[in-house]
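Student: Before I ask anything, let me first share the structure, which is written out below as structure tokens.
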Amino acid sequence: MAHKLPVSALVVVYTRDLEVLLIERADAPGYWQSVTGSREEGETLVATATRELREETGIDAARYGGVADWDAANVYQIYPRWRHRYAPGTTHNTEHVFGLEVPAPVEVTLDPREHVRHAWLPWEEAAARCFSWSNRDAILLLPQRARGLGPG
């Protein structure tokens, strides 16, 4: 099995009313997150975000205008429990942030090997539930992103 690349996409899926989709990891009960996944060799980051969204939730981004690149990236230390998935010596990942607005909570189809539950939560509650600081921080940007104000 090939090692994962230490470059990933995070996709914050949200409604016009700023409800956020979170999914709970199958391999880590209680670890809630937005859609996330590693880039595959030769894949663009938009393609990674779109593919991971479909694989993890069944949501077709094109149906809602496609994912939006938030032009934000976070570098974080890979949790020791997951480092074996990467090439030896790899300790950090660069995560690129995307968003997808849907009109209202949409149907979600989870792959039970990856995620066991999902929830649509108000953005503040979703941010508080995330185990990852980078995911939390992306959700906290949502009100200004949704108003089209961009970062900062």
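The values are calculated or read from the model by the stated rules, or taken from the named source; none is laboratory data. Just so we're clear, the structure is a prediction, and the values are computed from it rather than from any experiment. Heads up, the Cβs are rebuilt from the backbone with ideal geometry, glycines too, and the neighbour counts pull from every protein chain shown. Surface accessibility is based on the protein's heavy atoms, side chains included, excluding ligands, DNA and RNA. Shrake-Rupley method; radii C 1.70, N 1.55, O 1.52, S 1.80 Å.
Student: I want to confirm something. Restricting to segment 12-25 and keeping residues that are part of a loop (DSSP other than H, G, I, E, B) and not basic (Lys, Arg), which single residue is least open to solvent (accessible area, probe 1.4 Å)?
Tutor: LEU18
Student: For residues in segment 42-57 being open to solvent by 40 Å² or more (accessible area, probe 1.4 Å) and outside any helix (DSSP H, G or I), which is farthest from ARG145 (Cα to Cα)?
Tutor: GLY42
Student: Taking the residues in segment 101-124 that are at pLDDT 95 or above and part of a loop (DSSP other than H, G, I, E, B) as candidates, determine which candidate is surrounded by the fewest Cβ atoms within 10 Å (Cβ to Cβ).
Tutor: Among them, the one singled out is GLU107.
Student: Determine whether ALA73 is touching a Gly at 6+ places or on another chain (Cβ under 6 Å), more than 20 Å from ALA119 (Cβ to Cβ) and touching a residue at least 24 places away in the same chain (Cβ under 8 Å).
Tutor: Values: touching a Gly at 6+ places or on another chain (Cβ under 6 Å): no; more than 20 Å from ALA119 (Cβ to Cβ): yes; touching a residue at least 24 places away in the same chain (Cβ under 8 Å): yes.
Answer is no for this residue.
Student: Test of understanding: among ALA104, ALA119, ALA127, ALA146, which residue is farther than 24 Å from ASP60 by Cβ and among the small types (Gly, Ala, Ser)?
Tutor: None of the others qualify; the one that does is ALA127.
Student: Tell me, yes or no, whether segment 81-98 has at least one residue that is assigned to a strand (DSSP E or B) and open to solvent by 80 Å² or more (accessible area, probe 1.4 Å). Explain how you work it out, then say what you get.
Tutor: Filtering segment 81-98 down to residues assigned to a strand (DSSP E or B) leaves 86, 92-98.
If we keep only those that are open to solvent by 80 Å² or more (accessible area, probe 1.4 Å) as well, we get 92.
Checked against the condition, which is being assigned to a strand (DSSP E or B) and open to solvent by 80 Å² or more (accessible area, probe 1.4 Å), segment 81-98 yields at least one hit.
Student: Here is a list of conditions, (1) touching a residue at least 40 places away in the same chain (Cβ under 8 Å); (2) surrounded by 20 or more Cβ atoms within 10 Å (Cβ to Cβ); (3) among the basic types (Lys, Arg), and ARG39 meets all of them except one; can you say which number that is?
Tutor: For ARG39, the exception is condition (1).
Student: Please find, within segment 1-37, the residue that is modelled with the lowest pLDDT out of those that are in contact with a Gly (Cβ under 9 Å, 6 or more places away or on another chain) and among the hydroxyl-bearing types (Ser, Thr, Tyr).
Tutor: By that ranking, first place goes to SER8.
A quick yes/no check of all residues on (1) within 13 Å of the chain's Cα centre (by Cα); (2) β-branched (Val, Ile, Thr):
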| position | (1), (2) |
| --- | --- |
| ALA49 | yes, no |
| GLY58 | no, no |
| ASN74 | yes, no |
| ARG81 | no, no |
| VAL97 | yes, yes |
| PRO103 | no, no |
| VAL106 | no, yes |
| VAL116 | no, yes |
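Student: Let me ask another. Out of ALA73, ALA28, ALA9, report the one residue that is in a loop (DSSP other than H, G, I, E, B) and open to solvent by less than 70 Å² (accessible area, probe 1.4 Å).
Tutor: None of the other options fit; the residue is ALA28.
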